[in-house]
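Heads up, the thing below is written out as structure tokens.
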Amino acid sequence: MAILLFTDFGSGDIYVGQVKAVLQRHAPVIPVIDLLHEAPAYNVRASAHLLASMVGGFDEDNVFLAVVDPGVGGERDVLAMQADGRWFVGPDNGLLSVIGARARRGDSWRIVWRPQKLSASFHGRDLFAPVAAILALQNGLPRGWFEHVDKPGVEFGGDDLPEIIYVDHYGNCHTGIRAGGIPREMQLVAGKSRLRYARVFAEAAAAFWYENSQGLVEVAVNRGSAAQLLGLKIGDGVGWA
């Protein structure tokens, strides 16, 4: 059992530590794992697909606190979701919806509990963190904290996203396409380039695509930056030839 953090807060900024302090106060015995704090800023759809690719390696009963929330303080709801035995807490803006759409089993609740002090701009600290801590500590939902909903208010569906959804510090470009069913003879069109498949970096003499450790199609260059070489950025579309 652990609480896993997925945010666009940035590892070097002031926000992650404040969220962890709340988690430590409410659930000091629960480990906290930094899954990612450089999720695509403001880009909920890309972040939803990236998050969905990262959860499969974690056991049931873990709690994911996910915050990519450009509408914080506005009219969007807040959501607790259970999908294939794992809990997810975050804004109801589509961020959790790809996970929900792909889950074999799941359910969703609107979070109606509010703390006495709630910053209009920092629900990750004041609202999501206490809820994640409660879910990690006890089996079941606290009475009066949640209202069952048939489905999230914003849904992106479970289909792949043929775009660049993440660029890591190496310059590798992750797409929202699951690689498992893609024939290896297909060429990926990214920017102005057509890229052939390679199994690993060492087998590639030029820019290539491969199945990364998350199971996604990724554009890469051996010992170089695919983003710089090909002029790619988050949100750029990709296709097949």
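ALA198 - would you say it is in the same structural domain as VAL219 (by TED's automatic domain parsing), surrounded by fewer than 16 Cβ atoms within 10 Å (Cβ to Cβ), of a type in the set (A, V, I, L, M, F, W, C) and free of Cβ contacts under 8 Å to residues at least 40 places away in the same chain? No, not satisfied. Of the strands (runs of 3 or more DSSP E) lying entirely inside segment 39-123, those containing at least 2 residues that are of a type outside the set (Phe, Trp, Tyr), at pLDDT 95 or above and in contact with an Asp or Glu (Cβ under 9 Å, 6 or more places away or on another chain) span 78-83, 86-91, 106-111. All conditions but one from (1) touching a residue at least 60 places away in the same chain (Cβ under 8 Å); (2) of a type outside the set (Gly, Ala, Ser); (3) in a helix (DSSP H, G or I); (4) outside the structural domain of ASP61 (by TED's automatic domain parsing) apply to ILE134; the one that does not is (4). The residue that is surrounded by the most Cβ atoms within 10 Å (Cβ to Cβ), among those in segment 97-109 that are charged (D, E, K, R) and in contact (Cβ under 8 Å) with a residue 40 or more places away in the chain, is ARG102. For segment 3-28, residues that are assigned to a loop (DSSP other than H, G, I, E, B), in contact (Cβ under 8 Å) with a residue 60 or more places away in the chain and more than 28 Å from ILE234 (Cβ to Cβ) total 1. The set of residues in segment 167-183 that are buried (at least 17 other Cβ atoms within 10 Å of the Cβ) and within 19 Å of GLN228 (Cα to Cα) comprises VAL167, GLY171, ASN172, CYS173, HIS174, THR175. Residues in segment 118-141 that are surrounded by fewer than 16 Cβ atoms within 10 Å (Cβ to Cβ) and farther than 20 Å from ALA2 by Cβ were compared, and the one that is nearest to the chain's Cα centre (by Cα) is SER121. Flag set for TYR42, criterion: of a type in the set (Phe, Trp, Tyr) and on the phi > 0 side of the Ramachandran plot.
The values are calculated or read from the model by the stated rules, or taken from the named source; none is laboratory data. Since the structure is predicted, the reported quantities are computational estimates derived from the model, not experimental observations. So basically every Cβ, Gly included, is an ideal-geometry build from the backbone, and we count neighbours across all protein chains shown.
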